[in-house]
Amino acid sequence: MTVRIAPSILSADFAALGDAIAAAERGGADLIHVDVMDGHFVPNLTIGPPVVTSIKRVARVPLDVHLMIEEPDRYIEAFAEAGAAMMSVHVEAVRHLHRTVHAIKALGVQAGVVVNPATPVASLEDIAADVDYVLVMSVNPGFGGQSFIPHSASKLRAVRSLLDRVANPAPVEVDGGVDLRTIGTVVAAGARILVAGSAIFHAPDPERATRDLKAAALAALGAPSLDELGTR
Ligand code: DX5
Ligand code: ZN
């Protein structure tokens, strides 16, 4: 399984999203990560389905929509219609997670579940076989530009082994504080979809920043992990 880079437009200039997306795509973005916030589940407010519809018109790569909202069930159809290829919901925000995951899939969208930094991996046990991906938050959701929480590395490993245990090849995604310093750690810990916001869109050249992150991720993928070295 290779790595995919998912630039988060949260840190881009919202008046020029088309340009930001085009630059990231020229740099090799595999997905565009769209952060939806409602001012309740997280303290910040961002975008809704109409903006996703507009982004869908200009993006050439699939849209990965991260719902940081209360009662996401009320909006999954609208985001599917807007063009989401992947949609993730927080386990902390959903009462009937199995129903929600299958509702997303029934719309022809890949379904992901997200865990906040303080949410135990055990909360995923009974849904692990059903998901198309798991997103591990490596910062508390709500804002770009925060520092990577070091405990996230062991959490990524734990999620990977949980998915392996239920024979689900679904990839693990990581979101928050991913940059050239942390990218090797998250890839070695099993992350295969890497979200990066400020490391790309606050860089002087987002196209180049995307390319550099992808190269670093692929290099980390090629390097033997500590676990592998231990068994040699
Ligand atoms: C945070 C969002 C992230 C955010 C990441 O709540 O879910 O996708 O854009 O930003 P960086 O990469 O700057 O930590
Ligand atoms: Zn996100």
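Values in this text are rule-based calculations from the coordinates and carry no lab data. From a predicted model like this one, the values you see are computed outputs, not experimental measurements. Ideal geometry is used to build each Cβ from the backbone, glycine not excepted, and the neighbour counts take in all protein chains shown.
Find the relative contact order for region 69-157 and round it to a whole percent, using C-alpha pairs within less than 8 Å whose residues are 6+ positions apart. Can you show the working numbers first?
Details: 110 pairs, mean separation 21.3, N = 89.
So the answer I get is 24 percent.
Take every pair of alpha-carbon atoms less than 8 Å apart whose residues are at least six positions apart; their mean separation over the length of the chain yields a relative contact order of 22 percent.
Annotation: the residues Leu221, Leu45, sorted from fewest to most other C-beta atoms within 10 Å of their own C-beta, follow the order Leu45, Leu221. Under a 5 Å amide H cut-off, with hydrogens placed 1.01 Å from N, Gln110 pairs with Met86, Met87 among residues at least 5 apart or on other chains.
Sequence-ordered 3J(HN,Hα) estimates for region 179-196 from the Karplus curve with 6.51, -1.76 and 1.60 and θ = phi - 60° stand at 8, 5, 7, 9, 5, x, 4, 6, 5, 4, 7, x, 5, 10, 10, 10, 8, 9 Hz, glycine and proline given as x. With Cα atoms defining each centre, region 74-144 and region 35-49 are spaced 15 Å apart in the structure. Which FRET efficiency, nearest 0.05, do Ser54 and Arg99 yield, Cβ-Cβ r, R0 41 Å? Between Ser54 and Arg99 the formula returns 0.85. Straight Cα distances below 20 angstrom link Lys56 to the aspartates and glutamates Asp13, Asp19, Glu25, Asp30, Asp35, Asp64, Glu77, Glu81, Glu207, with same-chain residues fewer than 8 positions distant left out.
Helix content alone sets the calculated 222 nm mean residue ellipticity of the chain: runs of n ≥ 4 DSSP H residues at -39500 (n - 2.57) each, divided across all residues, give -10500 deg cm²/dmol. Ranked for footprinting exposure by Cβ neighbours inside 10 Å, fewest first, Ser123, Ser138, Ser11 give Ser123, Ser11, Ser138.
Name the helices (complete DSSP H segments) of the chain with a Cα length along the long axis of 20 Å or more and a Kyte-Doolittle mean of at least -0.5, or state none. Write out the running numbers ahead of the final one.
On the way: long enough: 206-222 (24 Å, -0.02).
What comes out of the filter, once short or polar helices are dropped, is 206-222.
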